[in-house]
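Trainee: This is the structure I want to talk about, given as structure tokens.
The values are calculated or read from the model by the stated rules, or taken from the named source; none is laboratory data. Note that the structure is a prediction, hence the values are computed from the model and not measured. A quick note on method: Cβ atoms are made from the backbone with ideal geometry, for glycine too, and the neighbour counts reach across all protein chains shown. For accessibility, only protein heavy atoms count, side chains too; no ligands or nucleic acids. Shrake-Rupley method; radii C 1.70, N 1.55, O 1.52, S 1.80 Å.
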Amino acid sequence: MKRELLRKCREDQKLTRPEAAPKLGISVIHLRKLEAGDTNPSAPLMLKMSKFYNKTPEELFPDVVK
């Protein structure tokens, strides 16, 4: 399941994956896989991304947080 809101939040901040990934402390490949829904974030990363994008974990990762 693609996580469109996650990608949109990054793009709304006018960040490319190579710009956003270091700010989140992850690799560009990991960010791509998170946005594509190919991998799930750890709980600490989910919270970090929620704060970074000012969204709830449920909004960013509806397939993970139920």
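Trainee: With every protein chain kept in place and ligands, DNA and RNA left out, what is the accessible area per residue of the chain? Probe 1.4 Å, answer in Å².
Mentor: Values: 4080 Å² over 66 residues.
So the chain comes to 62 Å² accessible per residue, rounded to a whole number.
Trainee: Per residue of the chain, what 222 nm ellipticity follows from adding -39500 (n - 2.57) for every DSSP H run with n ≥ 4, rounded to the nearest 500?
Mentor: Numbers: 5 runs with 41 residues, N = 66.
Computed ellipticity for the chain at 222 nm equals -17000 deg cm²/dmol.
Trainee: Then there is this: For residue 43 and residue 16, calculate 0.36 nm times their separation in residues minus their Cα-Cα distance, and state this gained length in nm to one decimal. It would help to have the intermediate numbers written out before the result.
Mentor: Values: separation 27, 0.36 × 27 = 9.72 nm, distance 2.33 nm.
Fully extending the segment from residue 43 to residue 16 adds 7.4 nm.
Trainee: Under a cut-off of 15 Å between alpha-carbon atoms, report the aspartates and glutamates in cross-link reach of residue 23, not counting same-chain residues fewer than 8 places apart.
Mentor: Once the sequence-local aspartates and glutamates are set aside, what remains near residue 23 is 11.
Trainee: For the chain, what D do you get in µm² per second when you plug the Kirkwood radius from alpha-carbon pairs into Stokes-Einstein at 4 °C and 1.567 mPa s? Let's see the in-between values first.
Mentor: Values: Rh = 11.5 Å.
Diffusion coefficient, whole number: 112 µm²/s.
Trainee: If you put +1 on each Lys and Arg Cβ and -1 on each Asp and Glu Cβ, how big is the dipole of the chain around its Cα centre, in Debye rounded to 20?
Mentor: Using only the charged Cβ atoms, the result is roughly 140 debye.
Trainee: I'd like the trypsin sites (Lys or Arg not before Pro) in region 21-61 restricted to DSSP loop residues with at most 16 other Cβ atoms within 10 Å, sorted by number. Present the calculation step by step, with values, prior to reporting the outcome.
Mentor: Numbers: sites: 23, 32, 33, 48, 51, 55; in loops: 55.
Filter output for region 21-61: 55.
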